[in-house]
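Contents: one structure, followed by commentary.
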Amino acid sequence: GNSVTQMEGPVTLSEEAFLTINCTYTATGYPSLFWYVQYPGEGLQLLLKATKADDKGSNKGFEATYRKETTSFHLEKGSVQVSDSAVYFCALLPSGGSYIPTFGRGTSLIVHP
Amino acid sequence: DGGITQSPKYLFRKEGQNVTLSCEQNLNHDAMYWYRQDPGQGLRLIYYSQIVNDFQKGDIAEGYSVSREKKESFPLTVTSAQKNPTAFYLCASSIPAGVGTEAFFGQGTRLTVV
């Protein structure tokens, strides 16, 4: 079946540090890949997405590249801010079948001033 | 503005009671989903519906029930058979299929058993 594996958190960084959150997936075919962000007590919001191999999704300084050869979609940001503190979820949408999104366990990011 | 509305934001349930969580969307989406979120476990799929009057069990459907009588509404009932219902519940919707289709989420309902 389909699955998403994220690095465990929390990830704790100082402001302006470089961020990487690893995500790998298992799926047949060519799934679409997503990163969502969740702020405390709220639902998930789409951060970025990529729909085919070598695509780069980007938004608000965050980037992730769809790597088919390594089945990965790592999230990166060059300089984090305190306001980036949240939980980040990697997700995939299968390219066929039931089209049900599958989510990773989430990675908590804490950014200190 | 289009979006998904979940209510209530906080809900308290006594042992042995059934409770119903509301989810309404005005995005004209065909597909709707219910997820349960527990600390460290991410999102687990409870039920989903891809069309009115039809729904399917997800990975953890035991102790839950749903209905889909209208396109915009997908209420979730947590029954007394659910032994550990305390969790954060998220409703989502999307267009039913297609490359890159993202899910849109409500703000969640936090259910606590007292």
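The values are calculated or read from the model by the stated rules, or taken from the named source; none is laboratory data. From a predicted model like this one, the values you see are computed outputs, not experimental measurements. Virtual Cβ from ideal backbone geometry, glycine too; neighbours counted across all protein chains shown. For accessibility, only protein heavy atoms count, side chains too; no ligands or nucleic acids. Shrake-Rupley method; radii C 1.70, N 1.55, O 1.52, S 1.80 Å.
Worth a mention:
- Restricted to segment A:1-34, and to residues there that are part of a strand (DSSP E or B) and among the aliphatic types (A, V, I, L, M), the residue that is nearest to A:LYS77 (Cα to Cα) is A:LEU19.
- Test: B:LEU111 is facing another protein chain (nearest Cβ under 8 Å) and within 19 Å of A:LEU44 (Cβ to Cβ): no
- Of the strands (runs of 3 or more DSSP E) that lie entirely inside segment B:16-114, those containing 3 or more residues that are open to solvent by 10 Å² or more (accessible area, probe 1.4 Å), of a type in the set (A, V, I, L, M) and within 27 Å of A:THR51 (Cα to Cα) span B:42-51.
One line per residue, one yes/no per condition, for (1) of a type in the set (A, V, I, L, M, F, W, C); (2) within 28 Å of B:ASP59 (Cα to Cα); (3) at pLDDT 95 or above:
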site: A:GLY61; (1), (2), (3): no, no, yes
site: A:TYR66; (1), (2), (3): no, yes, yes
site: A:VAL82; (1), (2), (3): yes, no, yes
site: A:ALA86; (1), (2), (3): yes, yes, yes
site: A:CYS90; (1), (2), (3): yes, yes, yes
site: A:SER95; (1), (2), (3): no, yes, no
site: A:VAL111; (1), (2), (3): yes, no, yes
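- Qualifying residue in segment B:13-24 (condition: at pLDDT 95 or above and within 12 Å of chain A (Cβ to nearest Cβ)): yes
- All told, A:SER58 meets the bar of being open to solvent by 50 Å² or more (accessible area, probe 1.4 Å), assigned to a strand (DSSP E or B) and small (Gly, Ala, Ser).
- Residue list for segment B:3-15, filter: assigned to a loop (DSSP other than H, G, I, E, B) and within 28 Å of A:GLY97 (Cα to Cα): B:GLY3
- Test result for A:ILE21, within 30 Å of B:LYS9 (Cβ to Cβ), open to solvent by 40 Å² or more (accessible area, probe 1.4 Å) and at pLDDT 95 or above: no
- Applying the criterion of being open to solvent by 10 Å² or more (accessible area, probe 1.4 Å) and within 13 Å of A:ALA91 (Cβ to Cβ) to the residues of segment A:27-43, the residue that is modelled with the highest pLDDT is A:GLN38.
- Hits in segment A:70-108 - residues which are within 14 Å of chain B (Cβ to nearest Cβ), open to solvent by 50 Å² or more (accessible area, probe 1.4 Å) and farther than 17 Å from A:PRO31 by Cα: A:ARG105
- Qualifying positions in segment A:65-85 - touching a Cys at 6+ places or on another chain (Cβ under 9 Å) and either outside any loop (DSSP other than H, G, I, E, B) or acidic (Asp, Glu) (or both): A:SER72, A:LEU75
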